[in-house]
1. Just need a number here: residues in segment 58-86 that are closer than 13 Å to PHE25 by Cβ, more than 13 Å from the ligand (Cβ to nearest atom) and without any contact (Cβ under 8 Å) to a residue 40 or more places away in the chain.
2. Among VAL47, VAL107, VAL83, which is the only one that is over 19 Å from MET3 (Cα atoms) and of a type in the set (A, V, I, L, M)?
3. Restricting attention to segment 71-84, which residues are crowded, with 19+ Cβ neighbours inside 10 Å and in contact with a Leu (Cβ under 8 Å, 6 or more places away or on another chain)?
4. Are any of the residues in segment 36-57 away from the ligand (no atom under 16 Å from the Cβ) and under 16 Å from SER72 (Cα atoms)?
5. Please verify whether segment 81-97 includes one or more residues that are within 18 Å of LYS14 (Cα to Cα), in a helix (DSSP H, G or I) and aliphatic (A, V, I, L, M).
6. Scan segment 4-60 for residues that are in a loop (DSSP other than H, G, I, E, B), of a type in the set (S, T, N, Q) and under 14 Å from the mean Cα position of the chain (by Cα) and report the count.
7. Going by the conditions given, is GLU42 without any contact (Cβ under 8 Å) to a residue 40 or more places away in the chain, of a type outside the set (Lys, Arg) and surrounded by fewer than 14 Cβ atoms within 10 Å (Cβ to Cβ)?
8. What residue, among those in segment 45-67 that are out of contact with any strand residue (DSSP E or B) (no Cβ under 9 Å at 6 or more places or on another chain) and under 20 Å from GLU10 (Cβ atoms), is surrounded by the most Cβ atoms within 10 Å (Cβ to Cβ)?
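We did not get these values from a lab; they are worked out from the coordinates using the rules stated. Bear in mind that the values here come from a model prediction, so they are computed numbers and not experimental data. We place every Cβ from the backbone using ideal geometry, glycine too, and count neighbours over all the protein chains shown.
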Amino acid sequence: MSMTEILGAENIKKAVEAFAAVGSFNHKKFIQMIGLKNRNLEELRKVFHILDKDKSGFIEEEELRLFLQGFSQDARELSAQEVKKLLGAGDKDGDGKIGAEEFSMLVAES
Ligand SMILES: [Ca+2]
């Protein structure tokens with residue numbers, strides 16, 4: 001299942017366009033706009049697995065850089081500072097990456 005099947009192409013387009021400017025990314029607003037909060041756990045897991053490109057079970061820094069592209073291929077990359085902020089918000093146990101549980105928490109907090 002693809003991101004557009006889970007979240008809808010229109011939602012994704014709007015959310016990605018809203019944060020097109022470098023440095024403007026706000027994960028809470030993005031998660032709200034893209035409708036992630038309204039998804040069930042199974043759908044959240046699918047989204048997580050798409051973002052976890054190498055299927056390591058974690059979203060690492062490199063994958064966070066490509067976070068927006070996980071939703072839309074032509075989206076921009078996140079800046080180093082945006083990655084740092086997103087990681088800081090999502091990495092609850094401080095291991096430098098975001099696991100599936102942490103991803104669910106990040107969505108729940110948004
Ligand atoms: Ca990974």
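1. So the answer is 5.
2. VAL83 is the lone residue from the list that is over 19 Å from MET3 (Cα atoms) and of a type in the set (A, V, I, L, M).
3. Listed by number, the residues that qualify are PHE71, ALA75, LEU78, VAL83.
4. yes
5. No, that holds for no residue.
6. Selection size over segment 4-60: 1.
7. Answer is yes for this residue.
8. VAL47
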